[in-house]
Amino acid sequence: MIYSFWIQILEHVNYIGAACLFVVGLYTVVTHNNFIKKIIGINIMETSVFLLFVSIGFVHGASPPVLTLGDTGGPFVNPLPSALILTGIVVGVSITVYGLSMVIQIHQLYGTIELDEILDTEESKDDSPHA
Amino acid sequence: MSGDNTNNDCAPCVPCAQESLFSRSCIALLTISFVLVGAFIAMTLIGDAVFYLPVLRQVFSFRYYPLLLVAVPLLSGPLQAALGYRSAWLRDLTAVTTTFVTFLFILAMYPQLLTDSIYNTIPAVFGYGLHFHVDWLSYVMVSVSGILWLLVTIYAHEYMAPEEHQDRFYLWMSVTLGGVLGTVMASDILTMFLFFEIMTFSSYMLVAHNESAESLLAGNNYIYMGVAGGLAVLVAMILVLFSTKTLQFTYLAAELAETGWIQYAVAALLILGFGVKAGMLPVHIWLPKAHPVAPTPASALLSGVLIKIGAYGILRVATSFFMPAAGPLMSRDNPLWNLSHVTGAAVIWIGILTMAVGVFMALQQSNMKKMLAYHSISQMGYIIMGAGVAAYLGYYGAMGFSGAVYHTVNHALFKSLLFMVAGVVYLRYHELNMYNLGGLWRKLPVTFVVCIIAALGITGMPFFNGFASKSILHHAIDEAYTYGHGSFRYAEVVFTIVSGGTVCSFIKLISYTFLGRCPEKIATVPNTGNRMMQMAMGGVAVLIVGIGVFPGYLMNTFIIPATRSFTYDPAFIDRYLVDMNFFNSHDLMGTVRVYALGFAIFFVGKKLHLFHLHLPKWLSVEYVMYKPLQSAVLRVSRHITTNYETKANNADVYIYAALLMGSLLMLTVFFR
Amino acid sequence: MLSLHLPVYALLAPLIAALILPLTTDGDSRQLRYIVGGAALCATALAAVSLKGTLGGDVYTYYFGNWIPGVGIEFVINIFSSFMSLVVVFISTLVIFYAFRNITHDLAQHLIPYYFTLIFLMLFAMVGMIYTNDLFNLYVFMEILSLTSCAIVSIKRKGRNLLASLKYLMQGTIGSVSILMGIAFLYMVSGNLNMSALAELMPDIWQSHSINVLISIGFILTGFGIKAAVFPLHTWLPDAHSSAPTPSSALLSGLVVKIYLFAAMKLLFQVIGVDIMREVGLQLFLVLFAVSGMIMGSVFAIGQTDIKRVLAYSSVAQIGYIALGISLASPAGLNAAFFHVVAHALMKGALFLSAGAMIFTTGKRNVNEFSGMGYRMPFSMTVFTIGAFGMIGIPGFAGFISKWYLGLAVLDGGHPWILLIILLSSLLNAMYYLPIIIKAFLCHECETVPSVMERDGLPATMWVPMAIMAVLIVLLGVFPQLLMNITGQMPHLFL
């Protein structure tokens, strides 16, 4: 029934969101010429994976993974994905930082951060021996 | 000035102490060699007991001769290159001594072959070990290589004197000898492949020695085709190992017969791979380019020995991989001979084609060395045809086998002699075009006599060596249509015509080069300093005449034992091959016919100026097949690179993204 | 006395050196060389000793922090991981020694300590990736490797380097994100990140949630395909490997791309398992990509004029060989693939190092300017020739053995047509290596060169690694059993 179809969508909204973000990020990386936009695209892609990873740790009807006195157990939300994703976010940040520093260097060398303009410059001096 | 003559003009050098020391050593070594050969022949005729005299037993029972034979030239090459820095004559003397010592070892190996063939192994190399095995077929090849290398090295001293980079030449010549000996003594196909590649690469250095533009082009042609041929052999090797679990040259017809299409693929690849080396059509095009540009000693060795290795390879696989094991039930109609029949028929026709095209192209040439190169192709056609008959007739193939082996020996001798003659002419007069020469019989008398001997040898005059092998090959092709398919009658017709063409071509060579009137610019060139070269050429000529006068000796001592070691009908061998009467009337009449045909073609050709006609350039195999292939590969690579590489690499990423998404999609949706 | 900690020490030695190095500020000082050389040799010795412990086929598991299995991160020490980490560390040591003098031409003085820091971090990540048994740990090491390998390309700070490095970073990160996505899909249905535990759970997962496994295979293959430069996802490789400084090129081409292939193998064979792969029909799919890489890599290489670009495209083709061996998924195929990993690391290392030596001395990079290089620098050109002959497949050099065993493995797997492809790609290899060698050694107009110096005038730290690599190539070519005895024990760990 159509109603259960929408319930299905709602239950799996994290997968749909992750897939959409992944594709949006990929599209941004591959189509834009501006380097900063490419880096933003990479970040979007990483965000999509983090979203998926964290969301799959959720357990229905479970309590947050914090032990209180007298708590005998019962289902807890899985804390492991969150911990992993913290690491992942750090990795993503370091990639962004490194990429941005290279963009600064490129800007200093070429005066522009648009890929097509840089390629034109490179092709025009392609005859001279490069280092 | 020391004894080497490194200036570029051809003025004969003043003999000094070292030169005469070299000459005297060469004369001594050559005389010793001939005495030893004479003694050897005497001993083989007297009987085997002579070899067990106590004084010689030590020498004759040494078991590691094959390893020595391979190691000595390979090690002496760098030694010669190092010596060449100090003095040239010492290097040349070392080269001659090395080849002499190698020849001694070859002679000393003989007695062990009478009882049992020699096996040597170096374990653990390549994971399978290197295996050497000297049987009669290998021994024939080894001895002809050994004696020819000795004579050519003596010749090379005077010829190479005005050349540059002599150290490099001697280094690679020595390494090539090691490679050749290793190839023919190999007992499994992997060892043979190793030495085959060593031989190809070291002979490349001989071909490209002059470093002129056309030498480099010829060298490129040679090495690419050599590498391609080697790769074909490699693929065949892998298929054989996979299907039959062995690499040794043992009788594999039974195992191969069960593999279906693989046996035909193996046969085709092996014939093609070895055929590149042998100058077989259609992969012969490197030969006419490589021979004129290589220095003459290298041409003599290339034509004399190296292309025979290709034919040896075909013979070796025909007598092992395609041959069933002997047994009490072996007969001519045994179905295990099927692969041999099919392969043999194809090879016979390829051989006939090679013969015909070789002679036809040779008649058009004016460059002496190019003409001789085409004749090499033609004579290799004879040998390949003989090998084809051996495979085709299967159990009755002993005649074809003997013809092929005998012609290998003979062609090595007379072709290298012809190249040496051309080399002397070039060295003295810097002219290779026949039409610009003439009247040299007065100026180079020894060379003239030697050239006549070689020409009579190659054309098949009785009492010279070519007669015996051509008669055997003629018998072989007769048997092919007697016992086999009738269409080989036409093959015999082509055989006769090609022999006539050969006669004509050599009449042309001798009459234009040596007879007639001497042109002005040649008449005035002085002419001395040929002694060593004349001695070497004389040595080969003596061998040619010797084999020609006693053709049965070679047959009985070497070739018939070789045929007995394979699965050939012993009754057939006894009836037709043992004590064959070479000087029978049928063959002698055939020779007269061939000579008449040759003279006729020559006079018709001269009258109608047919020799100056040339095939249009676009009709050669090269233009039709190779040039388009090579330029296509290069063009396609450049096209793909320029158009797609920049697009793909420099972020034309729609393609990239499409590929990504496509691969993801394919993996998740289509593979369930 | 073999302690189980030794492999971890081999992992830590480069890390500690990497942390100390930024304290030395002068790039040309002996202090720097002692630290760097000492750390590299120390790591090699430790890796060699740990190999000795596993030669008998023993498998050890090292639990970090003594956490019980299933909770903590594990290292699996078997003959595969110890031998491959030895290979990695040994070749890196050779390249590091080579880089002492070579890098001074490419980098500013003050950047050299940071360069070695990056190389040691890269070494740390490579060894970690080989040993690890945990999926997310693999991802972390992979990211470290990815970043540092981009950094050693861009440290030269020329325009081309930065562009190439940025492209490598972008495409590499797309790959990493894909891999993480694949790991997520696997974690989703198993709740476990440990590879051995996942391998045990895999049959049940395949029964109940096959679509997860399929999606995960898809993402993982794509991700590793990008990072290991499998055709057609190789487009970042030519720019990155050709513009980088020579030691970086040698390390990248020879080692880094192989590590990603190892990680892919671990995931495909150990975690997902050969049975599922056969069911899905993955083999033929991968074989097609590998085979097209073998041909197209060489086709692109023929048209190149820069020597390092030729070598970079040649790497694409050789990675095709290794991918072919892996995709055959048989003991013979994996054996051939492992042999070729070591052989190619040595050959490509020798080629890059000798090309770098020629660029170091003469500054010439264009292939057309190589005429007479054999007279000018005979030693380097000989090493180049040995590497090139190995690539073409001449017997007597290591590359012939790997082609031989690959051919046998291909027939074993029932795909005889691939033999022709191997033949064709060898011919294409010959078409672009032989002209360089011929032009270098046989050049008529190049007779008038200055007198050739002893070993080309190269400093000892440059020619010794080249010589060692050349000797090893010939040694492995003539006695392949030395390596085959070890690599022969590895396939059963995967299949």
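Every condition in (1) more than 7 Å from chain A (Cβ to nearest Cβ); (2) within 27 Å of C:GLY218 (Cα to Cα) is met by C:PHE116 except one, and the failing one is (2).
Counting only helices (runs of 4 or more DSSP H) wholly contained in the stretch C:274-367, the ones carrying 3 or more residues that are surrounded by fewer than 22 Cβ atoms within 10 Å (Cβ to Cβ) and at pLDDT below 95 occupy C:274-280, C:282-302, C:331-362.
Kindly indicate whether any position in the stretch B:546-553 is more than 24 Å from B:SER138 (Cα to Cα) and not charged (D, E, K, R).
As a first pass, look at the stretch B:546-553 and keep what is more than 24 Å from B:SER138 (Cα to Cα): B:549.
Next, from what is left, pick out any that are not charged (D, E, K, R): B:549.
Yes, the stretch B:546-553 has at least one match.
Looking across the stretch C:230-248, the residues that are in contact with a Lys or Arg (Cβ under 6 Å, 6 or more places away or on another chain) and among the polar types (S, T, N, Q) come down to C:SER242, C:SER243. Being at pLDDT below 85, at positive phi and surrounded by fewer than 13 Cβ atoms within 10 Å (Cβ to Cβ), is that true of even one residue in the stretch B:44-60? Yes, the stretch B:44-60 contains at least one residue that is at pLDDT below 85, at positive phi and surrounded by fewer than 13 Cβ atoms within 10 Å (Cβ to Cβ).
Among the residues making up the stretch C:129-146, those that are within 14 Å of another protein chain (Cβ to nearest Cβ) and out of contact with any Asp or Glu (no Cβ under 8 Å at 6 or more places or on another chain) are C:LEU135, C:PHE136, C:ASN137, C:LEU138, C:TYR139, C:VAL140, C:PHE141, C:MET142, C:GLU143, C:ILE144, C:LEU145, C:SER146. It is to be established whether one or more residues within the stretch A:59-72 are of a type in the set (A, V, I, L, M, F, W, C) and surrounded by 14 or more Cβ atoms within 10 Å (Cβ to Cβ). Within the stretch A:59-72, none of the residues are of a type in the set (A, V, I, L, M, F, W, C) and surrounded by 14 or more Cβ atoms within 10 Å (Cβ to Cβ). Give the residues of the stretch B:485-503 that are over 24 Å from B:MET371 (Cα atoms) and in contact (Cβ under 8 Å) with a residue 60 or more places away in the chain, sorted by residue number. B:HIS485, B:PHE488, listed by residue number.
Only a single criterion out of (1) crowded, with 24+ Cβ neighbours inside 10 Å; (2) within 10 Å of another protein chain (Cβ to nearest Cβ); (3) closer than 22 Å to C:PHE285 by Cβ; (4) of a type outside the set (Asp, Glu) is not satisfied by C:PHE224, namely (2).
From the list C:ALA240, C:ALA229, which residue is on the phi > 0 side of the Ramachandran plot and within 14 Å of chain B (Cβ to nearest Cβ)? Don't jump to the end; show me each part of the working.
Values: C:ALA240 fails: on the phi > 0 side of the Ramachandran plot.
C:ALA229 is the lone residue from the list that is on the phi > 0 side of the Ramachandran plot and within 14 Å of chain B (Cβ to nearest Cβ).
Within the stretch B:467-484, residues that are among the charged types (D, E, K, R) sit with their Cβ atoms under 6 Å from residues that are surrounded by 24 or more Cβ atoms within 10 Å (Cβ to Cβ), at 6+ positions apart or across chains, in these pairs: B:LYS470/B:GLY460; B:GLU479/B:MET399.
The helices (runs of 4 or more DSSP H) found wholly in the stretch B:216-335 and carrying at least 2 residues that are under 30 Å from B:SER174 (Cα atoms) occupy B:261-278, B:286-293, B:296-301, B:307-318.
When B:ALA236, B:ALA228 are checked against the criterion of being within 9 Å of another protein chain (Cβ to nearest Cβ) and closer than 27 Å to B:GLN630 by Cβ, a single residue qualifies: B:ALA228. If the condition is being surrounded by 18 or more Cβ atoms within 10 Å (Cβ to Cβ) and modelled with pLDDT under 90, then the stretch B:260-278 contributes B:ILE262, B:GLN263. If you go through the stretch B:541-578 and pick out every residue that is closer than 17 Å to B:THR44 by Cα and at pLDDT below 85, you end up with 1.
Looking for whichever is out of contact with any helix residue (DSSP H, G or I) (no Cβ under 7 Å at 6 or more places or on another chain), within 14 Å of chain B (Cβ to nearest Cβ) and either of a type in the set (Ser, Thr, Tyr) or surrounded by fewer than 24 Cβ atoms within 10 Å (Cβ to Cβ) (or both) here; the options are C:SER210, C:SER178, C:SER196, C:SER216. Which one fits? Explain how you work it out, then say what you get.
Numbers: C:SER178 fails: out of contact with any helix residue (DSSP H, G or I) (no Cβ under 7 Å at 6 or more places or on another chain); C:SER196 fails: within 14 Å of chain B (Cβ to nearest Cβ); C:SER216 fails: out of contact with any helix residue (DSSP H, G or I) (no Cβ under 7 Å at 6 or more places or on another chain).
Only one candidate passes the filter, namely C:SER210.
Pull up the stretch C:210-260, narrow it to residues that are part of a loop (DSSP other than H, G, I, E, B) and not hydrophobic (A, V, I, L, M, F, W, C), then point me to the one that is nearest to the chain's Cα centre (by Cα).
Looking only at the stretch C:210-260, we keep the residues that are part of a loop (DSSP other than H, G, I, E, B), and these are C:228-236, C:244-245.
After this cut, where a residue has to be not hydrophobic (A, V, I, L, M, F, W, C) as well, the list is C:232, C:234-235, C:245.
Values: C:PRO232: 18, C:HIS234: 15, C:THR235: 17, C:PRO245: 16 Å.
It comes out as C:HIS234.
Which one of B:GLY552, B:GLY548, B:GLY590 is without any contact (Cβ under 8 Å) to a residue 40 or more places away in the chain and within 25 Å of B:THR496 (Cα to Cα)? Going through B:GLY552, B:GLY548, B:GLY590 in turn, just one is without any contact (Cβ under 8 Å) to a residue 40 or more places away in the chain and within 25 Å of B:THR496 (Cα to Cα): B:GLY552. When the residues of the stretch A:1-46 are filtered to those that are outside any helix (DSSP H, G or I) and modelled with pLDDT under 90, which remaining residue is nearest to the other protein chains (Cβ to nearest Cβ)? It comes out as A:ASN33. Do we find a residue being over 23 Å from C:SER146 (Cα atoms), within 10 Å of another protein chain (Cβ to nearest Cβ), under 18 Å from the mean Cα position of the chain (by Cα) and surrounded by 14 or more Cβ atoms within 10 Å (Cβ to Cβ) anywhere in the stretch A:108-116? No, every residue in the stretch A:108-116 fails to be over 23 Å from C:SER146 (Cα atoms), within 10 Å of another protein chain (Cβ to nearest Cβ), under 18 Å from the mean Cα position of the chain (by Cα) and surrounded by 14 or more Cβ atoms within 10 Å (Cβ to Cβ). Number of residues in the stretch C:116-142 that are more than 18 Å from the chain's Cα centre (by Cα), assigned to a helix (DSSP H, G or I) and either within 14 Å of C:LEU12 (Cα to Cα) or touching a residue at least 60 places away in the same chain (Cβ under 8 Å) (or both): the value is 4.
Could you list, in sequence order, the residues of the stretch B:294-309 that are more than 10 Å from the chain's Cα centre (by Cα) and either surrounded by 24 or more Cβ atoms within 10 Å (Cβ to Cβ) or in the same structural domain as B:LEU181 (by TED's automatic domain parsing) (or both)?
Step one: filter the stretch B:294-309 for residues more than 10 Å from the chain's Cα centre (by Cα), giving B:294-299.
If the condition is that a residue be more than 10 Å from the chain's Cα centre (by Cα) and either surrounded by 24 or more Cβ atoms within 10 Å (Cβ to Cβ) or in the same structural domain as B:LEU181 (by TED's automatic domain parsing) (or both), then B:ALA294, B:THR296, B:PRO297, B:ALA298, B:SER299 are the ones that fit.
Might you check whether a residue that is surrounded by fewer than 18 Cβ atoms within 10 Å (Cβ to Cβ), closer than 14 Å to B:ILE472 by Cα and either more than 28 Å from the chain's Cα centre (by Cα) or not small (Gly, Ala, Ser) (or both) occurs anywhere in the stretch B:587-605? Yes - at least one qualifying residue is present in the stretch B:587-605.
Note on the stretch A:58-89: among residues that are within 11 Å of another protein chain (Cβ to nearest Cβ) and touching a residue at least 24 places away in the same chain (Cβ under 8 Å), the one that is nearest to C:MET188 (Cα to Cα) is A:PRO81.
Kindly indicate whether B:TYR155 is closer than 26 Å to B:HIS407 by Cα and within 14 Å of chain C (Cβ to nearest Cβ). It would help to see each step written out before you state the result.
Numbers: closer than 26 Å to B:HIS407 by Cα: yes; within 14 Å of chain C (Cβ to nearest Cβ): no.
For B:TYR155, the condition - closer than 26 Å to B:HIS407 by Cα and within 14 Å of chain C (Cβ to nearest Cβ) - is not met.
Name the residue that is farthest from the other protein chains (Cβ to nearest Cβ), counting only residues in the stretch C:400-415 that are of a type in the set (Gly, Ala, Ser) and closer than 17 Å to C:PHE339 by Cα. Selected residue: C:SER402.
So is C:SER149 crowded, with 22+ Cβ neighbours inside 10 Å, assigned to a helix (DSSP H, G or I) and away from every other protein chain (no Cβ under 14 Å) or not? Before the answer, list the steps.
Values: crowded, with 22+ Cβ neighbours inside 10 Å: yes; assigned to a helix (DSSP H, G or I): yes; away from every other protein chain (no Cβ under 14 Å): no.
So C:SER149 fails the test.
Here B:TYR170, B:TYR119, B:TYR139 are screened, and the one residue that is in contact (Cβ under 8 Å) with a residue 12 or more places away in the chain, outside any helix (DSSP H, G or I) and in the same structural domain as B:ILE32 (by TED's automatic domain parsing) is B:TYR119. So which residues in the stretch C:377-397 are buried (at least 23 other Cβ atoms within 10 Å of the Cβ) and modelled with pLDDT under 90? Across the stretch C:377-397, the qualifying residue is only C:MET377.
The values are calculated or read from the model by the stated rules, or taken from the named source; none is laboratory data. If you're wondering where the values come from, they're calculated on a predicted model, not measured in any experiment. Using ideal geometry, Cβ is built from the backbone for each residue, glycine included, and neighbour counts are taken over all protein chains shown.
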